[in-house]
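The values are calculated or read from the model by the stated rules, or taken from the named source; none is laboratory data. Please read these numbers as outputs of a predicted model, since none were measured by experiment. Note: ideal-geometry Cβ built from the backbone for every residue, glycine included; neighbour counts use all protein chains shown.
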Ligand SMILES: O=C(CO)[C@H](O)[C@H](O)COP(=O)(O)O
């Protein structure tokens, strides 16, 4: 049986491999979550060893960890030029498409991944799935105004149960002040089409579908770290 501690070691192994792709002087998009945390700490070690790096954090949690680790953060409300973004994911399909947003940071994560020259995704082997959906609901960020109607439109489109995310009995708020609804979709066969259709629903801010964005997938497995290069789009 794989314990949570074992999985954390696999996430860490993937993160350590990812920092091999980071070179002196780069601007790094810093993801959010338990896997990305290992990557930020490992980058901090590189900085302590003399490397110059600057980071674009995808959450306040990551920003705090980056500062503690000695990574300089750039002004996120200005133009930026990201060399490589490195982040975790909740699911990865055989075409390297992702579900992200388990931690609720999907909006900033997608902006950062979309603007980086290279996007490196880190997972443990349990996140690889034959098709997205099923075991992990799709997070969708929606504006609070009329969120119930937005959720109903999402239910109609996806023919799935859509649930407002809560934290400690209250609606979960994203850093942008929005809500997250989780769509329990059995199987997402055409993620690109679904992403486009969801983005057309008024009130949807962003979805946790990351389609065709992965450049490099690094998988921590009990047999070692597996690095895969996504075909060029
Ligand atoms: O998308 C995310 C946060 O919004 C995370 O990358 C995703 O949830 C994976 O998290 P973890 O590395 O903790 O398993």
_Criterion first (assigned to a loop (DSSP other than H, G, I, E, B) and either out of contact with any helix residue (DSSP H, G or I) (no Cβ under 6 Å at 6 or more places or on another chain) or touching a residue at least 60 places away in the same chain (Cβ under 8 Å) (or both)) does residue 177 satisfy it?_
yes
*Residue check: is residue 5 modelled with pLDDT under 95 and over 14 Å from the mean Cα position of the chain (by Cα)?*
yes
*Mind listing whichever residues of segment 121-147 are surrounded by 24 or more Cβ atoms within 10 Å (Cβ to Cβ), within 12 Å of the ligand (Cβ to nearest atom) and closer than 30 Å to residue 79 by Cβ?*
121, 122, 139
*Determine whether residue 84 is within 12 Å of the ligand (Cβ to nearest atom) and modelled with pLDDT of 95 or more.*
no
_strands (runs of 3 or more DSSP E) fully within segment 4-119 counting 1 or more residues that are touching a residue at least 60 places away in the same chain (Cβ under 8 Å)_ = 27-30, 84-88
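Counting just the residues of segment 87-107 that are at positive phi and within 6 Å of the ligand (Cβ to nearest atom), which one comes out surrounded by the fewest Cβ atoms within 10 Å (Cβ to Cβ)?
104
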*asked:* As an exercise: evaluate residue 214 against (1) surrounded by fewer than 19 Cβ atoms within 10 Å (Cβ to Cβ); (2) outside any strand (DSSP E or B) and give the number of the one condition it does not meet.
replied: (1)
_Search result, residues across segment 55-73 that are away from the ligand (no atom under 16 Å from the Cβ) and surrounded by fewer than 17 Cβ atoms within 10 Å (Cβ to Cβ)_ = 67, 68, 70, 72, 73
*Tally, over segment 31-54, of residues that are within 16 Å of residue 120 (Cα to Cα) and either surrounded by fewer than 24 Cβ atoms within 10 Å (Cβ to Cβ) or under 15 Å from the mean Cα position of the chain (by Cα) (or both)*: 11
*Only residues that are assigned to a strand (DSSP E or B) and touching a residue at least 12 places away in the same chain (Cβ under 8 Å): list them for segment 156-170, please.*
161, 162, 163, 164
*asked:* Every residue in segment 58-72 that is over 24 Å from residue 182 (Cα atoms) and within 19 Å of the chain's Cα centre (by Cα), please.
replied: 63, 64, 65, 66
